Amino acid sequence: MSKPKVATCSLAGCFGCHMSFLDIDERILQLVELVDFGPSPINDLKHFTDRCRVGLVEGGCANAENVRVLREFRTHCDILVSMGYCATSGGIPAMRNLVSMEECLREAYMEGPSVHNPTGRVPGDLELPLLLDKVRPCHEVVKIDYHLPGCPPSADAIWAALCALVSDAPIELPYQLIKYD
Amino acid sequence: MSEITLTIDGREITTQPGRTILEAAEEHGIYIPRLCHLPGLKPFGGCRVCTVLVNGRSEAACTQPVAQGIVVENDTEQLRAWRRNIIEMLFVEGNHFCPSCEKSGDCELQALAYRMGISAPRHPFLWPRREVDASHPDVLIDHNRCILCARCARTSRDIDGKEVFGFVGRGPARKLTINPGARLVDSALDVTDQAVNACPVGAILRKRGAYATPVGRRHYDRAPIGSGIETPAELTIDRGDQP
Ligand code: SF4
Ligand code: SF4
Ligand code: FES
């Protein structure tokens, strides 16, 4: 029987959750016994070729490209997991939700104390994905099956959740592994 | 006066008249979740996290006095779902960025969410615009995290004798205000006031004291809130189902 496939992605996140995932250390050897990888920054595959059992999503949705990737994950994964505080609640990127888009862009590209931008313009290349009005947690964009909180979730939490999901066991996380920070 | 007998989740307990249900439960090692309740202050009944069923009717355990023969339900699926809902609503109606919050690990709102196994709030986030008042030399108020529990206002009025805090507006527009003006620096607040310690969340903070306790040694890092009152229950992550 073929191994279940796992896909991962980082949307509006900092890759901290992926770093935490790699913190499973030598358990990575068990992991390769247990699963195969679909698209993921870990193997640099960009596209789905077949269905994946589990999709781990880091980061919320800040722009149209995040939404596109998240929808693609929803389409190709049986179980979709929001991994980390940005995916579950918006997190640090969502701090921009407290100011207007205009204010935010002006600060970032024109008026911020460390900005060097002789053109004085906000980047507007067509290649750049459009920003959403607000940064959204993943479950406000597609259906999410599980939320794994933490900033980042500890390697132990990710390991426990992933092992349970690929073996159809109930996820049981002890109190110490549920954290928002 | 003679003792009163009541049952909580089928367990018979005896207590003195004049106690609240929450106090009576606590005497007997039963934890009823609470947020706006602070021992030493008059019962307030603002947050409804302590909601129990008394003879089938919902009441706030922190304000409702005990009575002979009442049947109290506390730790039931329905009540747990109601309480979870309140906690989740508090998260989405303010701006809570726990990963960078000075209070994280010591926050009662967050600790209740952990205890209830809330992995993410299910309601849409409201992202309200709120202010930070850093005018005072020693104390900071971040309205983004205020849950309107009035613990600061009641402590300032009843213990510090100052009435530094008040409220304006109703419903979603309700907001904590500072007397007499809008800024904390213009108020009578001292850093030594009990009100500074009364806030359950990271809305009122002492300056220059942030992140002093290492992760792992903060209040709620290892044991759930309430475990000082009862034996900790085995807690597992939320599976997203709601009765
Ligand atoms: S006040 Fe509590 S719930 Fe709010 S951000 Fe801080 S730690 Fe999180
Ligand atoms: S500032 Fe703190 S103590 Fe005061 S009402 Fe807000 S949450 Fe409660
Ligand atoms: S603790 Fe009873 S209503 Fe808040």
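Going by the conditions given, is residue B:105 within 13 Å of chain A (Cβ to nearest Cβ) and over 25 Å from residue B:173 (Cβ atoms)? Considered against the rule, which asks whether it is within 13 Å of chain A (Cβ to nearest Cβ) and over 25 Å from residue B:173 (Cβ atoms), residue B:105 comes out as yes. Only one entry in A:169, A:160, A:164 is crowded, with 18+ Cβ neighbours inside 10 Å, away from ligand 1 (no atom under 16 Å from the Cβ) and more than 30 Å from residue A:100 (Cα to Cα), namely A:160. Counting only residues that are assigned to a loop (DSSP other than H, G, I, E, B), of a type outside the set (Gly, Ala, Ser) and touching a Lys or Arg at 6+ places or on another chain (Cβ under 8 Å), segment A:29-45 holds 2 of them. Of all residues in segment B:59-109, those satisfying the criterion of being part of a loop (DSSP other than H, G, I, E, B), among the small types (Gly, Ala, Ser) and either farther than 25 Å from residue B:202 by Cβ or assigned by TED's automatic domain parsing to the domain that holds residue B:28 (or both) are B:61, B:67, B:69. Can you tell me which residue in segment B:36-58 is nearest to ligand 3 (Cβ to nearest atom), limited to those that are assigned to a loop (DSSP other than H, G, I, E, B) and aliphatic (A, V, I, L, M)? Filtering segment B:36-58 for residues that are assigned to a loop (DSSP other than H, G, I, E, B) and aliphatic (A, V, I, L, M), the one nearest to ligand 3 (Cβ to nearest atom) comes out as B:49. Remark: pairs (first residue in segment B:74-91, acidic (Asp, Glu); second residue within 13 Å of ligand 1 (Cβ to nearest atom); Cβ separation under 7 Å; 6+ apart in sequence or on different chains) = B:88/B:118; B:88/B:121.
Of all residues in segment A:94-135, those satisfying the criterion of being facing chain B (nearest Cβ under 10 Å) and of a type outside the set (Lys, Arg) are A:94, A:95, A:97, A:98, A:99, A:100, A:135. The single residue among A:57, A:35 that is within 21 Å of residue B:124 (Cβ to Cβ) and either modelled with pLDDT of 95 or more or surrounded by fewer than 15 Cβ atoms within 10 Å (Cβ to Cβ) (or both) turns out to be A:57.
Anything in segment B:64-79 that is under 22 Å from the mean Cα position of the chain (by Cα) and either loosely packed, with under 15 Cβ neighbours inside 10 Å or closer than 18 Å to residue B:5 by Cα (or both)? List them, or say none. Passing the criteria: B:64, B:65, B:66, B:72, B:73, B:74, B:76, B:77, B:78. If the condition is being part of a helix (DSSP H, G or I), within 13 Å of ligand 2 (Cβ to nearest atom) and surrounded by fewer than 16 Cβ atoms within 10 Å (Cβ to Cβ), then segment B:159-197 contributes only B:197. A residue that is closer than 22 Å to residue B:211 by Cβ and within 16 Å of ligand 3 (Cβ to nearest atom) occurs somewhere in segment B:135-148. A count restricted to segment A:122-178 and to residues that are within 18 Å of residue B:222 (Cβ to Cβ), more than 17 Å from the chain's Cα centre (by Cα) and of a type outside the set (Asp, Glu) stands at 7. Taking segment A:164-177 as the search range and keeping residues that are in contact with a strand residue (DSSP E or B) (Cβ under 9 Å, 6 or more places away or on another chain) and not in a helix (DSSP H, G or I), which one is nearest to ligand 3 (Cβ to nearest atom)? Taking the candidates together, the pick is A:173.
Selection of segment B:110-158 for residues being part of a helix (DSSP H, G or I), without any contact (Cβ under 8 Å) to a residue 60 or more places away in the chain and within 28 Å of residue B:188 (Cβ to Cβ) yields B:144, B:145, B:152, B:153, B:156, B:157.
Looking only at residues of segment B:80-102 that are more than 10 Å from chain A (Cβ to nearest Cβ) and either of a type in the set (A, V, I, L, M) or within 11 Å of ligand 1 (Cβ to nearest atom) (or both), we find that the one that is farthest from residue A:140 (Cα to Cα) is B:102. Annotation: of all residues in segment A:145-181 being without any contact (Cβ under 8 Å) to a residue 12 or more places away in the chain and facing chain B (nearest Cβ under 9 Å), the one that is farthest from residue A:16 (Cα to Cα) is A:170.
So that you can scan it fast, the table gives a plain yes or no per residue for (1) in contact with a His (Cβ under 8 Å, 6 or more places away or on another chain); (2) within 11 Å of another protein chain (Cβ to nearest Cβ); (3) within 16 Å of ligand 3 (Cβ to nearest atom):
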{"site": "B:115", "(1), (2), (3)": "no, yes, yes"}
{"site": "B:150", "(1), (2), (3)": "no, no, yes"}
{"site": "B:160", "(1), (2), (3)": "no, no, no"}
{"site": "B:190", "(1), (2), (3)": "no, no, no"}
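Residue B:2 fulfils the conditions (1) more than 16 Å from ligand 1 (Cβ to nearest atom); (2) at pLDDT 95 or above except for a single criterion, (2).
The values are calculated or read from the model by the stated rules, or taken from the named source; none is laboratory data. Worth saying up front: this structure is predicted, and the values here are computed from it rather than measured. Neighbour counts are summed over all protein chains in view; Cβ atoms, including those assigned to glycine, are modelled from backbone coordinates with ideal geometry.
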